[in-house]
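Read through the structure below, which is laid out as structure tokens, and then see the notes.
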Amino acid sequence: MTDFGVLMFPTDYAVQPVELARAAEARGFESLFFPEHTHIPASRKSPWPGGPELPQEYWHSHDPYVALGAAAAVTETLRLGTGITLVTERDPIVMAKQVASLDHISGGRVLLGVGAGWNAEEMENHGTVFADRWKILRERILAMREIWREEEAEFHGQFVNFDAVWSYPKPAQDGGPKVLMGASSRYTWKRVAEYCDGWFPIHQDANRASASGALDYVASIAAVRRAWAEAGRDGEPDFSIFGVGPDAQRVAELIDMGFNRIIFALPSADADTVMPLMDRYAEIGHGVNS
């Protein structure tokens, strides 16, 4: 059975996280995902990969962990996802505590989508050099996993370095939540196999595919599986895709390609705009799983 979720930028002008979470759970969605940007530099030097004009939700969004905490408090089964967390802009010890706290309080409902980011000025405001972003992301994720798993955690790397620490609570999910890699370069497959638990690409519509070159999802899923086996990983990698629209045929195609979780795109808008679209998505999901 395929899992279905929804994703929306939780902004100060959109339907608020509590109302959205209740609505998502009531409609039978498995998960709710929130993206993040701490800020957007006014210089706007880094081009947005999605097009010429950056939508305003990128600099109006709530902190995802605050928003997901509110969602956790009013739901019982809804999975709580980041889509994505910019690990390159977060202190790993603090982030490990935030994720563990949310997972513990929610009873083990966190899905951690992660990425390095595209905005060089944004991450440099946080002290991360753009050229080092993937090395930094790797070390921070590995360090967080140590904190989640060990009574006395320590990590010694180039960018993250600390002696033995105590940090509680531990996540409700043994070893921490699934970490899903939100990237699609030729380096992604080995990164997933080394320090993540699944692949988490953004869905390519016709405009995005024509502008950046179409991504072969079938070949990419096969590449993740090969890297997973070569790394000696047990179990199965997770394959989730976000930003999918209300197209039942496309949903069926993505499932046939190998995706086990389809995450539908919601606009950052008021309830009168968002709720009818959620109803349409729920109809598609129920139809697929009936």
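The values are calculated or read from the model by the stated rules, or taken from the named source; none is laboratory data. Here the structure is a predicted model, which means the values were calculated and not measured. Virtual Cβ from ideal backbone geometry, glycine too; neighbours counted across all protein chains shown.
Of the helices (runs of 4 or more DSSP H) lying entirely inside the range 89-208, those carrying at least 3 residues that are among the polar types (S, T, N, Q) and in contact (Cβ under 8 Å) with a residue 12 or more places away in the chain are 92-106. For Ser268, the test of being hydroxyl-bearing (Ser, Thr, Tyr) and either touching an Asp or Glu at 6+ places or on another chain (Cβ under 9 Å) or part of a loop (DSSP other than H, G, I, E, B) (or both) is passed. Which of the residues spanning the range 1-48 are free of Cβ contacts under 8 Å to residues at least 60 places away in the same chain and aliphatic (A, V, I, L, M)? Val18, Ala21, Ala26, Leu32, Ala42, listed by residue number.
The set of residues in the range 125-144 being among the basic types (Lys, Arg) and either modelled with pLDDT under 95 or touching a strand residue (DSSP E or B) at 6+ places or on another chain (Cβ under 8 Å) (or both) is empty. Restricting attention to the range 245-265, the residues that are over 15 Å from the mean Cα position of the chain (by Cα) and either among the acidic types (Asp, Glu) or in a strand (DSSP E or B) (or both) add up to 3.
The residue of the range 192-215 that is surrounded by the fewest Cβ atoms within 10 Å (Cβ to Cβ), among those that are at pLDDT 95 or above and out of contact with any strand residue (DSSP E or B) (no Cβ under 6 Å at 6 or more places or on another chain), is Glu194. Suppose we filter the range 163-174 for residues that are under 11 Å from Ala96 (Cβ atoms) and of a type in the set (Phe, Trp, Tyr); how many remain? So the answer is 1.
Would you mind finding the one in Phe4, Phe34, Phe29, Phe9 that is more than 17 Å from Pro246 (Cα to Cα) and touching a Gly at 6+ places or on another chain (Cβ under 9 Å)? So that I can check it myself, show each step before the final result.
Details: Phe4 fails: more than 17 Å from Pro246 (Cα to Cα); Phe29 fails: more than 17 Å from Pro246 (Cα to Cα); Phe9 fails: touching a Gly at 6+ places or on another chain (Cβ under 9 Å).
Being more than 17 Å from Pro246 (Cα to Cα) and touching a Gly at 6+ places or on another chain (Cβ under 9 Å) holds for just one of Phe4, Phe34, Phe29, Phe9, which is Phe34.
Kindly establish whether Asp238 is surrounded by 14 or more Cβ atoms within 10 Å (Cβ to Cβ), at pLDDT 95 or above, acidic (Asp, Glu) and closer than 18 Å to Asp197 by Cβ. The answer is yes for Asp238. The C-beta contact set for the range 49-66 (first residue under 9 Å from Thr11 (Cα atoms), second residue aromatic (Phe, Trp, Tyr) and not in a helix (DSSP H, G or I), distance under 7 angstrom, 6+ apart or interchain) comprises Glu57/Phe9; His60/Tyr13; Ser61/Phe9. Are any residues in the range 12-22 surrounded by fewer than 23 Cβ atoms within 10 Å (Cβ to Cβ) and in contact with a strand residue (DSSP E or B) (Cβ under 9 Å, 6 or more places away or on another chain), and if so, which ones? Hit for the range 12-22 is Asp12, nothing else. Please find, within the range 66-88, the residue that is farthest from the chain's Cα centre (by Cα) out of those that are closer than 21 Å to Ala183 by Cβ and part of a helix (DSSP H, G or I). If we take residues in the range 66-88 being closer than 21 Å to Ala183 by Cβ and part of a helix (DSSP H, G or I), then Thr88 is farthest from the chain's Cα centre (by Cα).
The requirement of being buried (at least 17 other Cβ atoms within 10 Å of the Cβ), over 22 Å from Val114 (Cβ atoms) and within 21 Å of the chain's Cα centre (by Cα) is not satisfied by Val224.
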